[in-house]
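Read-outs: derived from the displayed coordinates by stated rules, not from any lab. Computed from a prediction, not measured in an experiment: that's the story for all the values here. Note that each Cβ is placed from the backbone with ideal geometry, even for glycine, and that neighbours are counted across all protein chains shown.
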Amino acid sequence: MGDILANEADLLLMIKEYLKFSEFEDTVKIFEKECKSKGKPVPKTPRSPPVDSKILIIQKDLISSFDDGDMKVFFELWAENVPVDIRDSDPNVQKLEFYLHIHFVIYPLKNNVGRQDKADFDERISHFKHYLETRGAALSQTTEFLPFYALPFVPNPAVHPSFQELFQDSWAPDLRKKLEKFLTTILTSLSSPRLLSLYSLKQMQAQLAEAEKKASSYMRRHGKMQADYHNLIGVTAELVDSLEATVSGKMISPEYLQNVCTRLFSGQMGQSMVQSIDFTRPGTVSHNAHTHISVIRMPKDVPLLPSLDYDKLKNDLMTGSDRLKALLLQALRWRLTRTVQGEQRDTVLQAYISNDLLNCCKPKQKSVLQLIRSNNEIVRQYTARLINAFASVSEGRTYLSRFPSLLKLLVDCLQTEEKDSVARENVLGAMQKLSLRRVHQSALIRNGMIGWLVDELQDSDCLSDYTLEYAVALLMNLCLRTQGKKKCTENTKHVLKVLSDLLGHENHEVRPYVNGTLYSILSVPSVRQEARAMSMEEILRCYTKEENPELNRQIQFIIDELNSVEEPQDEHDSEDDEDDEDDDEDVMEADLDKEEVLQPRPKELSGENLLTTEYLGIMTNMVKGKQRWKGLSAQSSDEPLQRPVTPSSHRNTM
């Protein structure tokens, strides 16, 4: 029973310690009075609290650096452990601090330091001057300290009568005693009460348990990655053996290929799903591998980004300075491009759309998209980059489609921007991605984009790889439509000449789009007739290469179409008569963040820091699940492309 009472008395004492530490003086009096009335008085003579080992270490380090004359270490510890409000308000502390600075200035002179440390002495003088001009300036009117303001300018302070006291043997030890007394008082008073320490310990234990839980999860992931790695090494070794066998003339059976692919993908897709796929069809294995890489989900422990104040954001995007607009456009884009693919990025996009970041859904209000017409070049460029980022994902394209004037804005910008500028590249990239949708294809055809693209591609050697690839891919998407084919017949010879030249371009990434365009427009009899007149078959055969059988088969399809005598069937070409069959490409390419011309100035907020410091909001993030797995394409890789695509799936992605 005695132990229980002793423990209870110790607990009451801990409560009293905490209340006094938190300066609840009135509460302490009431607490003591009530404890006494209940027959449980708080011990009047509290036992001396154990000195925190950390405090002892700090005190020891400060005294040690004082004795060694280590000015840098001392004042770092001093600033970290002595509260600034005490240093600023307590006259005794200010006085002590002043003399401490003097101690470190004259330390080399009192300890017979030779010329080899002149640089160190000069640094101490410089540090003391800075102190006198800043924190020490408050004592400049005090008679006691006034003479010491001349110390940095005296050639030999040791022999100067004003400073004789400083060089007496007793001066430094006396200062040391004052320092020890002050440290004992201030550090002990700042030590945490036992009750708070116990609470902190409980929190640390909870954090440790959470850390151990995460570590266990990471170990399981690591184990699975190791298993996948060993499986991949095994499959690779077998495939190398199979390649060597094919060199010797041995055939690989479809059953063997099915077995290898099952081992590769069963962990991600499920055994039954893998067995239902025909891996013997050309191009299926590589397509499935690329698709698997692009749909890896984000780990569950990647945090969601903070919500933003979208009303304030939109207001500043429309009314702020050009520099603020550019910084915001950059930061908002980085939220899309630099987040982890999966739930984190999806949540950012959903928040942008649900809060109508670009004002696409309010025709009576000025849209952020109209910044593409800004007089400021950087604002135009960063608006184009953000639009291109939105256009890189299917839901972003749906959102952009709500702004009816978007394509007109982009076409105007494309035709007025400087050739191959970053803004122009991003506008072209956004238009190409939007052309995955039939309604946009029709609008672009009506706006004369086919003629503009053909003229632009005539001088292909002057275009960047990005511009070239997206221009040819856009041309192909438009020429898949009946309206697009008819546009090509207005200047057939010119179109065929440009396409035939592109077949020999050093950038081989454009070949599939050139082949797809040729195959599409050759379905028109007048185009076939013009192609035969210019010996297109001979031109095509010149580009047939033995080392690329897939390209050879595509060219053969084009030649077969060229020599066809079939009349085209009547096609009803309306964007309203069928859904967009292939608008599921969600790829953020690395080019979206290339060549950043906007760099923050010193102490200027940018990126996520700008958003979370100035535009923090409440509950504006909307989490919405997305189905990312798509079925395999029905088109064989042997044939030229016959459906809208975008080059982003083949470029470096984020």
## Note on the structure
Sorted on mean Cβ neighbours within 10 Å (highest first), peptides 451-462, 239-250 come out as 451-462, 239-250
### Query
From the phi of every residue in segment 315-320, what ³J(HN,Hα) in whole Hz does the Karplus formula 6.51 cos²θ - 1.76 cosθ + 1.60 yield, where θ is phi - 60° and glycine or proline is x?
5, 6, 5, 8, 10, x
### Query
Picking from 416, 443, 460, whose Cα lies most toward the positive end of the charge dipole for segment 414-480 (charges on Cβ: Lys, Arg +1; Asp, Glu -1)?
443
### HN-Hα J in Hz across segment 91-97 - Karplus 6.51, -1.76, 1.60, θ = phi - 60°, x for Gly and Pro
x, 5, 5, 4, 5, 4, 4
### 5 angstrom amide H check on residue 589, placed H, neighbours 5+ away
654
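Take the residue pairs 362/486; 36/181; 16/181; 72/603 and return only those whose Cα atoms are more than 29 Å apart. All intermediate terms of the calculation are to be shown ahead of the outcome.
Values: 362/486 36 Å; 36/181 36 Å; 16/181 26 Å; 72/603 25 Å.
Pairs exceeding the cut-off: 362/486; 36/181.
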### Message
Using the Karplus curve 6.51 cos²θ - 1.76 cosθ + 1.60 with θ = phi - 60°, what ³J(HN,Hα) values do you get for each residue of segment 515-525, in whole Hz, with x for Gly and Pro?
### Response
4, x, 5, 4, 4, 5, 6, 6, 6, 8, x
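Between residue 459 and residue 70, what is 0.36 nm times their sequence separation minus the Cα-Cα distance? Round to one decimal in nm. List each step's numbers first, then the result.
Values: separation 389, 0.36 × 389 = 140.04 nm, distance 6.87 nm.
Full extension from residue 459 to residue 70 adds 133.2 nm.
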### Task
Search the structure for amide H atoms under 5 Å from the amide H of residue 616, placed 1.01 Å from N in the peptide plane, and list their residues when 5 or more places away or on another chain.
309
### Message
Explain nothing, just the number: relative contact order of segment 53-190, from Cα pairs under 8 Å at least 6 residues apart, as a whole percent.
### Response
31 percent
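If packing is taken as the average number of other Cβ atoms within 10 Å across a peptide's residues, how do 145-157, 66-78, 27-39 rank, most packed first?
66-78, 145-157, 27-39
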